[in-house]
Amino acid sequence: MYKFEEDKLIKEIKEKNPKLILLQLPEGLKKEAFNLVSLIKKNTNSEVIVSGEPCWGACDIALDEAKNLKADLIILYGHAPFMKINFPILYIEARYETSIEFLIKKSLKELKDYQKIGLVCSVQHMHQLETAKKILQENNKEIFIPPKKGFAFYPGQVLGCEYNGLKLIKDKFDAILVIGNDFHALGAALAIPKKVILIDPFNKEVYSMDKKRDLIIRQRIIAINKVKNSRRIGIIIDNKPGQHFGSAYHIKNKLENMEKEVVLLSMNEITDDKLVNLYNIESFIETACPRISVEDYSRFSKPVINYREALVVINDLTFDELFEQGIV
Ligand code: SF4
């Protein structure tokens with residue numbers, strides 16, 4: 001169902017003529033590694049190394065890995081450009097090819113009480129945004145597609161950490177329709193306190209994010225309060241070039257003024273075993289991907305919150321302001 005754009009892949013490699021390619025695939029597409037390597041080797045003179053490291057998002061560019069291996073091109077599947085990187089990168093978005101018309105029609109039932117709809121999608125579904133808009137308009141809905149903003153490469157695109165386009169126009173709509181997966185729809189629900197409906201073309205489902213949002217908000221309040229009550233707090237700075245959200249030093253200075261003991265930590269991947277080893281640090285603030293603390297809540301045995309949540313701990317925001325302005 002994914003479009004691997006083999007012609008574009010080979011054409012671009014021939015033009016760039018790299019000696020060594022580092023191929024990065026998201027976890028769900030890693031099974032295609034062998035086929036893609038075979039295709040490249042059959043049609044070009046380039047050698048390919050597949051990165052076996054996780055690739056969690058468009059931010060997760062294996063720059064150090066490529067430099068250490070002396071690769072001269074990174075090919076990143078499944079993502080659009082995210083930020084400026086001073087290294088040759090070929091992005092192939094891997095659009096998802098399936099009809100979603102029946103799912104859009106199904107979403108009308110969930111949207112029956114809402115007339116003004118903010119419409120967004122993940123990069124895999126950018127080509128379906130206009131179809132969705134047309135069907136919804138034919139059913140008397142007023143559609144608002146947000147402008148390109150922040151890390152989004154296209155108008156209407158959302159990432160798990162990027163909803164600023166939607167936030168810009170949030171007064172125009174009453175509900176949000178997300179074409180993508182649960183991760184993107186939950187992000188929208190945590191960014192903007194309005195009705196969010198997911199169209200999931202992969203699992204062929206349509207559902208509201210209300211219940212999941214309520215559960216996550218309860219979890220976040222618990223985690224934030226635990227960090228508030230900690231004496232010794234670790235602030236995690238991520239080494240990935242695309243995962244720097246907010247200022248670790250701003251948080252550190254404010255916490256120290258509140259008589260907390262603070263340790264700055266550097267990590268590539270934030271995992272529970274690393275946090276457990278830091279046994280005398282009670283809780284953590286991660287300034288990496290803002291979704292790590294949310295998605296891995298049940299995996300962490302110590303409280304972990306993201307940068308925006310830490311603003312409540314240092315009294316820059318109240319809980320109400322955080323949930324109104326968004327956890328992501
Ligand atoms: S920072 Fe997190 S949500 Fe944003 S692109 Fe990276 S992995 Fe996805």
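The values are calculated or read from the model by the stated rules, or taken from the named source; none is laboratory data. The structure presented is a predicted model; accordingly, all values stated were derived computationally and were not measured. Cβ coordinates were reconstructed from backbone atoms using ideal geometry, including for glycine residues, and neighbour counts include every protein chain displayed. SASA here: full protein model, heavy atoms, side chains in, ligands and nucleic acids out. Shrake-Rupley method; radii C 1.70, N 1.55, O 1.52, S 1.80 Å.
Could you list, in sequence order, all residues of the range 26-79 that are on the phi > 0 side of the Ramachandran plot and more than 16 Å from the ligand (Cβ to nearest atom)?
Listed by number, the list holds a single entry, 70.
Starting from residues that are touching a residue at least 40 places away in the same chain (Cβ under 8 Å) and open to solvent by 50 Å² or more (accessible area, probe 1.4 Å), keep the ones in the range 251-260 and report whichever is nearest to residue 317 (Cα to Cα).
Applying the filter and picking the extreme gives 254.
Yes/no matrix, rows are residues, columns are (1) touching a residue at least 12 places away in the same chain (Cβ under 8 Å); (2) part of a loop (DSSP other than H, G, I, E, B):
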residue: 57; (1), (2): yes, yes
residue: 65; (1), (2): yes, no
residue: 75; (1), (2): yes, no
residue: 81; (1), (2): yes, yes
residue: 84; (1), (2): no, yes
residue: 87; (1), (2): yes, yes
residue: 90; (1), (2): yes, no
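Given the criteria in contact with a Gly (Cβ under 9 Å, 6 or more places away or on another chain) and open to solvent by less than 20 Å² (accessible area, probe 1.4 Å), does residue 129 qualify?
Yes, satisfied.
Could you give every pair whose Cβ atoms fall below 7 Å, whose first residue belongs to the range 202-229 and is under 18 Å from residue 189 (Cβ atoms) and touching a residue at least 40 places away in the same chain (Cβ under 8 Å), and whose second residue is open to solvent by 50 Å² or more (accessible area, probe 1.4 Å) and in a helix (DSSP H, G or I), counting only separations of at least 6 or pairs across chains?
Close Cβ pairs (under 7 Å, with a partner that is open to solvent by 50 Å² or more (accessible area, probe 1.4 Å) and in a helix (DSSP H, G or I)) amount to 206/106; 206/110; 208/110; 221/319.
Quick one: residue 191 ticks every box in (1) away from the ligand (no atom under 16 Å from the Cβ); (2) under 19 Å from residue 322 (Cβ atoms) bar one, so which box is it?
(1)
Condition first: part of a strand (DSSP E or B), free of Cβ contacts under 8 Å to residues at least 60 places away in the same chain and surrounded by fewer than 22 Cβ atoms within 10 Å (Cβ to Cβ). Can you find one or more residues in the range 95-112 that meet it?
No - not one qualifying residue is present in the range 95-112.
Please enumerate the residues belonging to the range 129-151 that are out of contact with any Phe, Trp or Tyr (no Cβ under 6 Å at 6 or more places or on another chain) and either in contact (Cβ under 8 Å) with a residue 60 or more places away in the chain or not in a loop (DSSP other than H, G, I, E, B) (or both).
Of everything in the range 129-151, those that are out of contact with any Phe, Trp or Tyr (no Cβ under 6 Å at 6 or more places or on another chain) and either in contact (Cβ under 8 Å) with a residue 60 or more places away in the chain or not in a loop (DSSP other than H, G, I, E, B) (or both) turn out to be 129, 130, 131, 132, 133, 134, 135, 136, 137, 138, 142, 143.
Of the residues 263, 276, which single one is open to solvent by 20 Å² or more (accessible area, probe 1.4 Å), away from the ligand (no atom under 16 Å from the Cβ), in contact with a Gly (Cβ under 6 Å, 6 or more places away or on another chain) and not hydroxyl-bearing (Ser, Thr, Tyr)?
That would be 263, the only listed residue that is open to solvent by 20 Å² or more (accessible area, probe 1.4 Å), away from the ligand (no atom under 16 Å from the Cβ), in contact with a Gly (Cβ under 6 Å, 6 or more places away or on another chain) and not hydroxyl-bearing (Ser, Thr, Tyr).
Residue-by-condition table, conditions (1) away from the ligand (no atom under 11 Å from the Cβ); (2) out of contact with any helix residue (DSSP H, G or I) (no Cβ under 6 Å at 6 or more places or on another chain):
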{"residue": "130", "(1), (2)": "yes, yes"}
{"residue": "141", "(1), (2)": "yes, yes"}
{"residue": "146", "(1), (2)": "yes, no"}
{"residue": "153", "(1), (2)": "yes, yes"}
{"residue": "156", "(1), (2)": "yes, no"}
{"residue": "164", "(1), (2)": "yes, yes"}
{"residue": "176", "(1), (2)": "yes, no"}
{"residue": "183", "(1), (2)": "no, yes"}
{"residue": "187", "(1), (2)": "no, yes"}
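Determine if the range 211-225 includes at least one residue that is open to solvent by 40 Å² or more (accessible area, probe 1.4 Å) and within 23 Å of residue 82 (Cβ to Cβ).
no
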